[in-house]
Amino acid sequence: MPILTIESTCDETAAAVIGDDGSVMGDCVATQEELHEKFNGVVPEVAARAHLERILPVIDTAIRQAGISPDDLTAIAVADRPGLAGSLLVGVVAAKTLAMAWQKPLVSINHLHAHLYACQLACDKPIYPCIGLVVSGGHTSLYRLDSPLDLEYLGGTIDDAAGEAFDKVGAMLSLGFPGGPAVSKLAQSGNRTAHAFPRSMIHEKHFNFSFSGLKTAVRYAIVGPGQQDFSKIEMSDSAKADLCASFEAAVVDVLVAKCSRAVKQFGVRRLVVGGGVARNGYLRDQLTLSADKKGYSLVIAPMDLCTDNAVMGAIAMEKIKRGQFADLDLDITPGLQR
Ligand code: KG4
Ligand code: ZN
């Protein structure tokens, strides 16, 4: 019997129907990028209102695609953490209401654990034990995993997430929102050593990250300290490309170094990587090189399951197997979840 999964943690409204065997029977994602573009970032109030408009049509589409009736569902699962409060509320209230109306059990999903589960969905065999990196617009977190639901948090960003830094650099260069894909595209033709940007905490033994100093270094390379107005800056395309390439290299160097150190330190043979920034081609290439060189296996989430989606909510099946259901008084937990 299939389950319905719902995702609304940030600015994507998504629902999926997952079959017993893990097959994707229905999958609908409504992105809000166009609504947030003019603000160069996700505006929580705008996101919550857009979720409210879209959540029921998105759920309806996923169920219709699956060709089932709500009666056929075994459970309704929803991401209740972490994320923007208003965004989370819309998904959680929708899930609770449908669970009550349709008399179905409710399952809660940790969005970060789901990002890592996207890697399991790409593999025939279990990927555990492994080190897992979630690298997205809101998070840069490293874990040791013994199963989809048994995770030890090793460290994470102490300020900006890697994707957030990509988005801010994109905004400084007027590349639109989200900046990650545009920065990465420009970087392909740039010189990765043109700017000596900082690789914060790369040599420190812990598994925390910091990207705000890098963001500031890029800013100073564009406008100089004290200047605010990026719109008056004139830069050639090749200067922009060099900046993007050097920035991307700094982010990727740190991510690759910390991941390969974690793999070695915890004696596991596999690294798995999920989240929107895992779409980045240079990151994928450098991780692959490192894995080949150091002799561990690497699983990166499939491209369409890197950014927010409800298919990765298939992790709910693992909770159902363990009898882990949520009550109808399920509340949201917006804060950073380890
Ligand atoms: O996982 P996601 O959809 O949302 C969060 O849970 O945060 O990730 C979105 C983030 C954005 O910051 C976006 O700029 C970044 O992923 N991103 C990329 C690329 N594609 C998406 N960053 C770098 N290179 C890319 N190709
Ligand atoms: Zn996400």
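The values are calculated or read from the model by the stated rules, or taken from the named source; none is laboratory data. As the structure is a prediction and not an experimental result, all values here were calculated from the model. Reconstructed Cβ throughout: ideal geometry from the backbone, glycine too, with neighbour counts over all protein chains shown.
Residue 272 passes every criterion in (1) within 16 Å of ligand 1 (Cβ to nearest atom); (2) within 28 Å of residue 195 (Cα to Cα) apart from (2). Determine whether residue 246 is at pLDDT below 95 and more than 27 Å from residue 146 (Cβ to Cβ). Taking the combined requirement at face value, the residue does not satisfy it. Taking the conditions (1) modelled with pLDDT of 95 or more; (2) among the small types (Gly, Ala, Ser); (3) more than 18 Å from the chain's Cα centre (by Cα) in turn, residue 22 satisfies each one other than (1). Is it the case that residue 151 is closer than 24 Å to residue 27 by Cβ and of a type outside the set (Lys, Arg)? The answer is no for residue 151.
Select from the stretch 157-202 the residues that are within 11 Å of ligand 1 (Cβ to nearest atom) and within 16 Å of residue 220 (Cα to Cα) and list them in ascending order. 165, 166, 168, 169, 170, 171 - these are the residues of the stretch 157-202 that are within 11 Å of ligand 1 (Cβ to nearest atom) and within 16 Å of residue 220 (Cα to Cα). Which residue, of 241, 245, 221, 262, is outside any loop (DSSP other than H, G, I, E, B), away from ligand 2 (no atom under 16 Å from the Cβ) and in contact with a His (Cβ under 6 Å, 6 or more places away or on another chain)? After ruling out the rest, the residue left standing is 221.
Assessment of the stretch 222-235 against the conditions (modelled with pLDDT of 95 or more and not hydroxyl-bearing (Ser, Thr, Tyr)) yields no matching residue.
Looking at the stretch 318-333, which of its residues are out of contact with any helix residue (DSSP H, G or I) (no Cβ under 9 Å at 6 or more places or on another chain), of a type in the set (D, E, K, R) and in contact (Cβ under 8 Å) with a residue 24 or more places away in the chain? The answer is 319, 322, 327. Just one of (1) touching a residue at least 60 places away in the same chain (Cβ under 8 Å); (2) away from ligand 1 (no atom under 16 Å from the Cβ); (3) not acidic (Asp, Glu) fails for residue 111. It is (2). There is no residue in the stretch 161-169 that is more than 19 Å from the chain's Cα centre (by Cα), within 20 Å of residue 245 (Cβ to Cβ) and either assigned by TED's automatic domain parsing to the domain that holds residue 313 or not hydrophobic (A, V, I, L, M, F, W, C) (or both). Within the stretch 314-333, the set of residues being crowded, with 20+ Cβ neighbours inside 10 Å and closer than 18 Å to residue 153 by Cβ comprises 315 only. On the stretch given as the stretch 279-313, residues that are surrounded by 17 or more Cβ atoms within 10 Å (Cβ to Cβ), away from ligand 1 (no atom under 16 Å from the Cβ) and either within 21 Å of the chain's Cα centre (by Cα) or in a loop (DSSP other than H, G, I, E, B) (or both) total 3. Checked against the criteria, residue 336 counts as surrounded by fewer than 21 Cβ atoms within 10 Å (Cβ to Cβ), of a type in the set (A, V, I, L, M) and either within 13 Å of ligand 1 (Cβ to nearest atom) or without any contact (Cβ under 8 Å) to a residue 12 or more places away in the chain (or both).
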